[in-house]
Amino acid sequence: MSDVGLYGLAVMGQNFALNMASHGFSVCVGNRSQPKVDLTVNRAKAEGNLPLVGSSSVEEFVSNLSKPRKVIILVQAGKPVDATIAALSEYMEEGDLIIDGGNEWFHNSIRRAEELASKGINFIGMGISGGE
């Protein structure tokens, strides 16, 4: 089981996942396109056999995380964030946490936190992405 999940593997997501793994966290990665997952897993092996595993579906991604689950998403702001949260939350449980690392409009973050709170899922809007 992985300590944390990172979903969204563009340049920022790949490097964030590898950074966490290089600091001793076991990481599960996911992405809507499998080649990005494979690339990140191969980079983790090449960079010192880091504790990072890939997933081939959202369900597998979530099931690979230790409870309570902690998921960081780094996807394009707007509808892609909503779609990612909807897919992830189907498999998440009360007490789990989703952290949106993208630079999102704060009104959207408030709305998402309220929607997820009704399911008992915690949400943090933590804009860290400065782009590629």
Quiz item: Would a scan of region 46-67 turn up a residue that is over 20 Å from M1 (Cβ atoms), over 13 Å from the mean Cα position of the chain (by Cα) and not acidic (D, E)?
Solution: yes
Quiz item: Can you tell me how many residues in region 6-23 are in contact with a Phe, Trp or Tyr (Cβ under 7 Å, 6 or more places away or on another chain) and either closer than 10 Å to L52 by Cβ or open to solvent by 60 Å² or more (accessible area, probe 1.4 Å) (or both)?
Solution: 1
Exercise. Spot the failing condition for V37; the list is (1) closer than 25 Å to S118 by Cα; (2) buried (at least 16 other Cβ atoms within 10 Å of the Cβ), and only one is missed.
Key: (1)
Quiz item: Given E90, E104, which one is at negative phi, among the charged types (D, E, K, R) and in contact with a strand residue (DSSP E or B) (Cβ under 7 Å, 6 or more places away or on another chain)?
Solution: E104
Practice problem: Go through the residues of region 88-111 one by one and say whether even a single one is among the hydroxyl-bearing types (S, T, Y), without any contact (Cβ under 8 Å) to a residue 40 or more places away in the chain and surrounded by fewer than 18 Cβ atoms within 10 Å (Cβ to Cβ). | Solution: yes
Quiz item: Of the residues in region 2-15, how many are among the hydrophobic types (A, V, I, L, M, F, W, C), assigned to a helix (DSSP H, G or I) and in contact with a Ser or Thr (Cβ under 9 Å, 6 or more places away or on another chain)?
Solution: 1
Quiz item: Of the residues G30, G48, which single one is farther than 18 Å from A86 by Cα and small (G, A, S)?
Solution: G48
Practice problem: Hey, could you check region 40-60 for residues that are open to solvent by 30 Å² or more (accessible area, probe 1.4 Å) and of a type in the set (S, T, N, Q) and say which is nearest to I98 (Cα to Cα)? | Solution: S57
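The values are calculated or read from the model by the stated rules, or taken from the named source; none is laboratory data. It should be emphasised that the depicted structure is a prediction, and the values quoted were computed from it without experimental measurement. FYI the Cβ positions are ideal-geometry reconstructions off the backbone, even for glycines, and counts take in every protein chain you see. The protein model used for the area step is the full one, side chains on, heavy atoms only, and it has no ligands, DNA or RNA in it. Shrake-Rupley method; radii C 1.70, N 1.55, O 1.52, S 1.80 Å.
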